[in-house]
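The values are calculated or read from the model by the stated rules, or taken from the named source; none is laboratory data. Fair warning: this is a prediction, and the values are worked out from it, not measured in the lab. Cβ sites come from the backbone with ideal geometry, for glycine too, and all protein chains shown count toward neighbours.
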Amino acid sequence: MKIGTRSLLFGAHQVLIHPWFTAWAWWRLYGFPWDPRLWVAFLVHDWGYWGKPNMDGPEGERHPLFGAWIMGRLFGSEWRDFCLLHSRFLSKKYGQPYSRLCAADKLAIGLTPWWLYLPLARLSGELAEYMQDAGARTPAGNRGPQVWYRDVQAYCTAWAQVHRDGKRDEWTGTKRDLAMQPEDEF
């Protein structure tokens, strides 16, 4: 079973857990999500990980396409783009601003406690990919999983708070977002 599928079934993007943290993050950033289309987006935005051999590699970076397709078929192009552009990578690739779902999705990481996230990510195999040194988006260096995840949470929470209103994303670089040493400043 591929890592993307494992993530959705019993990992960090588990389809019955991650959407709730995304909804909670939305509520914290923008108020209660009354629009039912938001709840569909919270549910399907990461479904494109299904069958992906990696989370942050070329295939994993394209994961929003499937959720965007679903949202487009159900609710039109505005909602397709809302889901598609929850990815900072695709937002930059297409020269479009990220959607508000992006900020909520980042804050969801900040809200997910380590005692839930780390066992899920370890069980699915994501943790090893996320923490590897060479080429990882979020290299751990000499940090253990709890310290690494605390730093990821701090970064994602700060990113979501600063960018909640659509501020231009100058944090996400070509090497990608979280590849920072602990002494780096935001």
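Are any residues in segment 99-138 in a loop (DSSP other than H, G, I, E, B), within 19 Å of Met55 (Cα to Cα), of a type outside the set (Gly, Ala, Ser) and modelled with pLDDT of 95 or more, and if so, which ones? Even if it seems obvious, please write down each step before you answer.
Quick first cut of segment 99-138, residues in a loop (DSSP other than H, G, I, E, B) only: 99, 112-113, 125, 132-138.
Checking which are within 19 Å of Met55 (Cα to Cα) leaves us with 112, 125, 132-138.
Keeping just the survivors that are of a type outside the set (Gly, Ala, Ser) gives 112, 132-133, 137-138.
The one that is in a loop (DSSP other than H, G, I, E, B), within 19 Å of Met55 (Cα to Cα), of a type outside the set (Gly, Ala, Ser) and modelled with pLDDT of 95 or more: Thr112.
Within segment 81-121, how many residues are charged (D, E, K, R), without any contact (Cβ under 8 Å) to a residue 40 or more places away in the chain and under 18 Å from Gly60 (Cβ atoms)?
Just the residues of segment 81-121 that are charged (D, E, K, R), to begin with: 81, 88, 92-93, 100, 105-106.
From what is left, the residues that are without any contact (Cβ under 8 Å) to a residue 40 or more places away in the chain are 81, 93.
Next, from what is left, pick out any that are under 18 Å from Gly60 (Cβ atoms): 93.
Count: 1.
Output the residues belonging to segment 40-71 that are among the acidic types (Asp, Glu) and touching a helix residue (DSSP H, G or I) at 6+ places or on another chain (Cβ under 6 Å).
If the condition is that a residue be among the acidic types (Asp, Glu) and touching a helix residue (DSSP H, G or I) at 6+ places or on another chain (Cβ under 6 Å), then Glu61 is the only one that fits.
Can you pull out every residue in segment 145-186 that is β-branched (Val, Ile, Thr) and either touching a Leu at 6+ places or on another chain (Cβ under 7 Å) or at pLDDT 90 or above (or both)?
If the condition is that a residue be β-branched (Val, Ile, Thr) and either touching a Leu at 6+ places or on another chain (Cβ under 7 Å) or at pLDDT 90 or above (or both), then Val147, Val152, Thr157, Val162 are the ones that fit.
Taking only segment 43-92 into account, find how many residues are on the phi > 0 side of the Ramachandran plot and in contact with an Asp or Glu (Cβ under 9 Å, 6 or more places away or on another chain).
The first filter runs over segment 43-92 and keeps only residues on the phi > 0 side of the Ramachandran plot, leaving 51, 76.
Right, trim to in contact with an Asp or Glu (Cβ under 9 Å, 6 or more places away or on another chain) and you get 51.
The qualifying residues number 1.
List pairs: first in segment 144-165 and farther than 17 Å from Ala12 by Cβ, second exposed (fewer than 14 other Cβ atoms within 10 Å of the Cβ), Cβ under 8 Å, 6+ apart or cross-chain?
Ala158/Phe186; Val162/Phe186
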